[in-house]
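Student: Here it is, the structure, as structure tokens.
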Amino acid sequence: MKVSVQTEDFDLDVECAALTHGRKDIGALASFVGLVRDANDGAGIARMTLEHYPGMTEKSLAEIVEQARGRWDVLDATVIHRVGELKPGDNIVLVVVASAHRGDAFAACEFIMDFLKTRAPFWKKEETPEGGRWVDARESDDVAAEKWKGR
Amino acid sequence: MLKILYFAGLREALGQSSEQLALPGGMGTVGQLHAHLAARGGAWEALAKTKNLRIAVNQQMAAMDAPLNDGDEVAFFPPVTGG
């Protein structure tokens, strides 16, 4: 399992290759990459800054991955989240899950993202033409995380 | 001593990211600490006004009734918006 909070960019192909290197038991890799959009809530976004809680962030991500391992057949996983200043088109977050079968890989990947969005201590501040603004948490993200309770 | 941390919009509203505070007598829970800090008035009212304020004690999410002990790290922050 790999969890990283970093300012540097990441490469999906490199991370996938690292997960599968030297093993033949992986039948499925599911990945998600989140990027910075150039617009949000009706305003243009020139750039954004990702703040986090050093120490708690890494623990929180590791716990979320552990929860996913407890629910699905996860052989390995990688979670990378960038912090610092980012601009539209930049990568923000990467989740890759390796499993024997696609069902576990898809579900665990979505679960990790849904819980990351609502549990991991990151905050986005957007620079718009009207100035800087902290992004409000979305109710839809809470709903997305809640849906896993009944499964 | 308590180590208290503030993040994101709350950090900006308060104009500081952290402070050390001797655990005042009779302050047994996060909720009592929160009320004590908010009672400083002025910018500190942001602690009471932040919608859905989140709290972590020793880097684990906690509720207002969570107990406090000397040496704890307590963080206050708005709902998270990563990903």
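Student: Would you pick out the residues in region A:111-131 that are away from chain B (no Cβ under 12 Å), not in a strand (DSSP E or B) and not acidic (Asp, Glu)?
Tutor: A:Phe111, A:Pro129
Student: So A:Leu35 fits all but one of (1) hydrophobic (A, V, I, L, M, F, W, C); (2) more than 28 Å from B:Ser17 (Cα to Cα); (3) surrounded by fewer than 16 Cβ atoms within 10 Å (Cβ to Cβ); what number is the exception?
Tutor: (2)
Student: With the requirement that a residue be among the charged types (D, E, K, R), surrounded by fewer than 17 Cβ atoms within 10 Å (Cβ to Cβ) and within 17 Å of the chain's Cα centre (by Cα), what does region A:132-145 give you?
Tutor: A:Arg138, A:Asp142
Student: Can I ask one more? If A:Asp76 passes every condition in (1) closer than 30 Å to B:Ala13 by Cβ; (2) among the charged types (D, E, K, R); (3) assigned to a strand (DSSP E or B) but one, which one does it miss?
Tutor: (1)
Student: Right, next: Please go through region B:22-51 and pick out each residue that is part of a strand (DSSP E or B) and either within 14 Å of chain A (Cβ to nearest Cβ) or surrounded by fewer than 15 Cβ atoms within 10 Å (Cβ to Cβ) (or both).
Tutor: Listed by number, the list is empty, since nothing qualifies.
Student: Among the residues of region A:97-114, how many are in contact with an Asp or Glu (Cβ under 9 Å, 6 or more places away or on another chain) and under 26 Å from A:Arg47 (Cα atoms)?
Tutor: Residues flagged as in contact with an Asp or Glu (Cβ under 9 Å, 6 or more places away or on another chain) and under 26 Å from A:Arg47 (Cα atoms) within region A:97-114 amount to 1.
Student: If I filter region A:22-55 down to residues being of a type in the set (Asp, Glu) and away from chain B (no Cβ under 11 Å), which single residue comes out as nearest to the chain's Cα centre (by Cα)?
Tutor: Going through the qualifying residues, I end up with A:Asp38.
Student: While we're here: Within region A:81-95, restricting attention to residues that are over 12 Å from A:Met1 (Cβ atoms) and hydrophobic (A, V, I, L, M, F, W, C), which residue is nearest to the other protein chains (Cβ to nearest Cβ)?
Tutor: Ranking the candidates gives A:Val93 first.
Bear in mind that the values in this text are calculations on the coordinates, not laboratory data. It should be emphasised that the depicted structure is a prediction, and the values quoted were computed from it without experimental measurement. Neighbour counts are summed over all protein chains in view; Cβ atoms, including those assigned to glycine, are modelled from backbone coordinates with ideal geometry.
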